[in-house]
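Right, one structure below, let's go through it.
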Amino acid sequence: MSISLEKLEQTVAELTVRGKGILAADESTPTIEKRFKAVNVTCTVEARRDYRELLFSTPGLGAFISGVILFDETLKQKSVTDVALPQLLAAQGIVPGIKVDMGTVPLPGFPGEKVTQGLDGLALRLSEYGKLGARFAKWRAVIAVGAGIPTHPAIAANAHALARYAAICQEQGLVPIVEPEVLMDGDHTLETSAHVSEEVLHAVFDALYQQRVALECMLLKPSMVTPGSACPTQATPQQVALATLTCFRRVVPAAVPGINFLSGGQTESVATANLNAMNIGAERQPWALSFSYGRALQAPVLKAWRGESANKMIAQQALYQRAQLNGAACQGRYTAAMENT
Ligand code: 13P
């Protein structure tokens with residue numbers, strides 16, 4: 001099968017509109033159960049449907065959100081009024097996407113390191129997801145930082161899987177989001193995080209090149225370069241922006257159209273402030289710098305909703321506000337004072 005670049009380019013163009021980013025709402029059932037538990041919601045199929053319907057039908061969301069990543073169950077789910085959930089997004093001008101990795105497993109022989117699985121049968125799954133309306137996909141690789149890790153073989157195994165996934169996506173007409181996440185867990189410094197991120201991204205782009213992935217038709221979803229969450233010396237948004245951009249300018253080719261950061265456990269306002277700092281003077285960078293946040297967009301929504309339909313409107317307002325603030329951060333126009341408006 002030959003790759004239709006035109007279709008992929010159209011999807012990339014819609015996803016990388018300036019001032020917009022991606023909502024990651026692709027939690028697997030065990031993960032959303034954990035999030036629901038924190039706000040005392042029982043994780044039934046109906047509760048998951050109601051919550052995702054609430055997110056996707058937020059009035060005006062399309063002004064700041066260009067795409068939403070869904071989980072398998074959600075892509076196939078219908079609203080209470082019998083509308084397919086991806087249709088709710090398309091009606092707001094938002095591109096539906098799908099998480100296609102099958103999670104991580106321990107990498108044998110490498111204690112503390114993991115590899116992502118899900119390549120077997122991927123082409124067929126993607127072609128079915130495409131028929132259900134998905135136009136882009138996501139695969140997350142996880143790199144832990146600690147004593148003696150990450151190792152080269154673990155980085156190479158994850159980079160190879162990401163590149164094979166990306167090539168299969170492009171062949172099937174879906175834009176791949178390539179997500180190598182360097183975890184924030186640990187007490188490593190900003191310098192260590194920068195060193196690990198550089199090595200990981202270098203390996204990922206080498207593997208993408210080897211697998212003949214069209215860099216113009218993919219998006220990168222990386223972690224920001226930050227100190228570990230237990231590091232005694234934390235970093236300001238300016239320091240995070242400088243460390244991240246210095247690293248990325250070395251190893252992320254200019255052909256990549258967009259970089260959509262994950263939030264990785266940062267609080268909502270920190271994730272927004274860091275993104276904003278990166279976008280001050282962004283005209284000097286070759287890529288669009290935006291967000292693909294899960295927790296940093298959804299945490300206030302879950303807190304407002306708590307499983308009560310009566311809270312739907314305030315929960316939607318919370319999502320709208322967070323999306324709006326991150327939209328401003330994509331243009332370097334966010335200030336902390338905007339949190340209280
Ligand atoms: P967080 O922003 O909560 O890290 O989630 C993003 C994501 O999609 C992780 O795979």
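The values are calculated or read from the model by the stated rules, or taken from the named source; none is laboratory data. None of these values were measured; they are calculated from a predicted model. Here the Cβ positions follow ideal geometry from the backbone for every residue, glycine too, while neighbour counts run over all protein chains shown. All accessible areas refer to the heavy atoms of the entire protein, side chains included, with ligands and DNA or RNA removed. Shrake-Rupley method; radii C 1.70, N 1.55, O 1.52, S 1.80 Å.
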Among (1) in contact with a Ser or Thr (Cβ under 7 Å, 6 or more places away or on another chain); (2) in a helix (DSSP H, G or I), where does ASN260 come up short?
(2)
Take LEU319 and decide whether it is within 15 Å of the ligand (Cβ to nearest atom), within 15 Å of the chain's Cα centre (by Cα) and assigned to a helix (DSSP H, G or I).
no
Of (1) within 16 Å of the ligand (Cβ to nearest atom); (2) open to solvent by 10 Å² or more (accessible area, probe 1.4 Å); (3) in a loop (DSSP other than H, G, I, E, B), ALA134 satisfies every one except (2)
Restricting attention to the stretch 207-224, which residues are part of a loop (DSSP other than H, G, I, E, B) and away from the ligand (no atom under 15 Å from the Cβ)?
GLN211, ARG212, VAL213, ALA214, MET218
Only one of SER290, SER229, SER263 is under 27 Å from ASN340 (Cα atoms), at pLDDT 95 or above and touching a Gly at 6+ places or on another chain (Cβ under 6 Å), namely SER290
Would you point out the residue of the stretch 146-175, among those that are β-branched (Val, Ile, Thr) and surrounded by 21 or more Cβ atoms within 10 Å (Cβ to Cβ), that is farthest from VAL12 (Cα to Cα)?
ILE155
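Condition check ((1) closer than 24 Å to VAL251 by Cβ; (2) within 16 Å of the ligand (Cβ to nearest atom); (3) in a strand (DSSP E or B)) across all residues:
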residue	(1), (2), (3)
LEU275	yes, yes, no
SER292	yes, yes, yes
LEU297	no, yes, no
LYS303	no, yes, no
GLY307	no, no, no
ALA310	no, no, no
MET313	no, no, no
Six or more apart or on different chains, Cβ under 6 Å: which pairs go from a residue in the stretch 256-268 that's near the ligand (Cβ under 9 Å from one of its atoms) to one that's in a loop (DSSP other than H, G, I, E, B)? Could you list them?
PHE261/MET224; LEU262/LYS221; LEU262/SER223; GLY264/MET184; GLY264/SER223; GLY265/MET184
Determine which member of the set VAL178, VAL142 is open to solvent by 10 Å² or more (accessible area, probe 1.4 Å), among the β-branched types (Val, Ile, Thr) and under 24 Å from LEU23 (Cβ atoms).
VAL142
Under 7 Å between Cβ atoms, which residue pairs at least 6 apart in sequence (or on different chains) link something in the stretch 171-193 that is more than 22 Å from LYS7 (Cβ to Cβ) with a partner that is open to solvent by 40 Å² or more (accessible area, probe 1.4 Å) and among the hydrophobic types (A, V, I, L, M, F, W, C)?
GLY186/ALA230; ASP187/ALA230
Report yes if some residue within the stretch 268-285 is surrounded by 19 or more Cβ atoms within 10 Å (Cβ to Cβ), of a type in the set (Asp, Glu) and closer than 26 Å to SER229 by Cβ; otherwise report no.
yes
Restricting to the stretch 18-42, and then to whatever is of a type in the set (A, V, I, L, M, F, W, C) and crowded, with 17+ Cβ neighbours inside 10 Å, can you tell me which residue is farthest from the ligand (Cβ to nearest atom)?
VAL41
Odd one out for CYS247, checked against (1) more than 16 Å from the ligand (Cβ to nearest atom); (2) open to solvent by 20 Å² or more (accessible area, probe 1.4 Å)
(2)
